[in-house]
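Read-outs throughout are calculated quantities, based only on the coordinates presented, and are distinct from any laboratory measurement. Just so it is clear, the structure is predicted and the values come from calculations on it, not from any experiment. When we count neighbours, we look across all protein chains shown, and the Cβ atoms used for this are built from the backbone with ideal geometry, even at glycine.
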Amino acid sequence: MQIENFKIFADLVETKSFSKAAKLNGITQSAVSQQARAMERTFKALMVDRSQKQFNLTREGQRIYEAAKEILHVYEKLESELQEMKKVISGTIRISTIYSIGLHELPPYVKRFLQEFPSVNVRIEYRRSNLVYEDILHNAVDFGLVAFPQKQRQIEMIPFRNDRLVLITHPNHPLAKGTVVDLKSLAGHKFIGFDPDIPTRKAVDSIFRDNKLEITPVMEFDNIETVKRAVEIDHGIAIVPQATVQQELRQGTLCVVPFKGKEFTRPLAILHRKGRVLTPAMRKFVETLSAEGAAADARE
């Protein structure tokens with residue numbers, strides 16, 4: 001039996017889905033089913049209770065899963081130690097992140113990291129925030145990057161940086177005339193927001209509640225790019241992370257206005273599954289982001 005058998009079975013248990021386990025391992029759903037049955041023949045034990053509609057393990061299956069995780073952990077630790085002994089910084093780092101971080105926060109850090117460690121590949125997937133957490137829990141990726149991180153028992157959170165939230169308007173909008181804007185002056189203006197389930201939207205709603213402002217968005221979108229386009233054509237104003245509008249600010253298509261007397265920030269964090277063995281490349285990646293992120297916050 002090969003180490004891949006244990007990984008496929010662990011992925012199957014954690015995703016509770018033959019199709020998802022197949023996707024994670026680049027094989028067919030039928031191959032996952034065949035692997036599970038082959039393991040049952042090897043151990044002479046039924047691992048999956050097929051009498052239930054939902055995915056459930058038998059007692060034997062649960063024990064095999066626990067042993068599989070131990071074996072995989074030892075194997076990953078061995079691989080990492082051998083790389084350290086050889087002083088090798090290589091491999092592939094898989095990242096799941098939301099659009100605003102992946103498109104606007106992450107690129108300069110990844111560029112510097114790859115310049116220092118050219119033998120490492122970095123693959124980035126753009127996902128909604130809730131799916132980033134799923135990717136981490138299912139071991140579909142090595143790291144996740146999210147805004148307003150939520151504590152979860154199985155996930156380790158490492159602070160990345162804090163991004164300032166600012167008001168954006170069309171250059172000819174009345175609120176664009178000042179160098180700062182009082183939060184209460186947003187009342188009465190058309191406001192463009194993110195979808196209600198997006199963490200930045202929840203944070204903005206909280207800011208409004210804390211300041212006793214009743215503002216209902218006239219438009220709601222699921223990504224930063226569409227929000228910016230709506231403001232560019234003067235359909236309303238919006239509150240967004242400052243790092244996401246640097247290009248539009250340079251081009252003069254948007255006006256960025258800080259808030260008077262207050263600073264609202266958006267904390268960003270690096271996520272990985274607790275207990276995961278980090279390869280030398282993964283550790284260097286975290287070090288790069290943490291150090292550079294802290295430096296960026298200090299500059300601001």
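Counting only residues that are closer than 15 Å to A269 by Cβ and buried (at least 20 other Cβ atoms within 10 Å of the Cβ), how many does the stretch 134-154 have?
Total satisfying the criteria: 10.
So which residues in the stretch 57-93 are of a type in the set (S, T, N, Q) and loosely packed, with under 14 Cβ neighbours inside 10 Å?
Those that are of a type in the set (S, T, N, Q) and loosely packed, with under 14 Cβ neighbours inside 10 Å: Q62, T92.
Filter the strands (runs of 3 or more DSSP E) completely within the stretch 93-174 down to those with at least 3 residues that are in contact with a strand residue (DSSP E or B) (Cβ under 7 Å, 6 or more places away or on another chain) and more than 30 Å from K69 (Cβ to Cβ).
155-169
Tally up the residues in the stretch 16-51 that are out of contact with any Leu (no Cβ under 7 Å at 6 or more places or on another chain) and assigned to a helix (DSSP H, G or I), please.
18
G91 versus (1) in contact with a helix residue (DSSP H, G or I) (Cβ under 8 Å, 6 or more places away or on another chain); (2) over 24 Å from D11 (Cα atoms); (3) not β-branched (V, I, T): which is the lone unmet condition?
Evaluating G91 over (1) in contact with a helix residue (DSSP H, G or I) (Cβ under 8 Å, 6 or more places away or on another chain); (2) over 24 Å from D11 (Cα atoms); (3) not β-branched (V, I, T) leaves (2) as the failure.
Identify all residues within the stretch 208-263 that are surrounded by fewer than 16 Cβ atoms within 10 Å (Cβ to Cβ), in contact (Cβ under 8 Å) with a residue 40 or more places away in the chain and hydrophobic (A, V, I, L, M, F, W, C); write none if there are none.
Answer for the stretch 208-263, where residues must be surrounded by fewer than 16 Cβ atoms within 10 Å (Cβ to Cβ), in contact (Cβ under 8 Å) with a residue 40 or more places away in the chain and hydrophobic (A, V, I, L, M, F, W, C): just I233.
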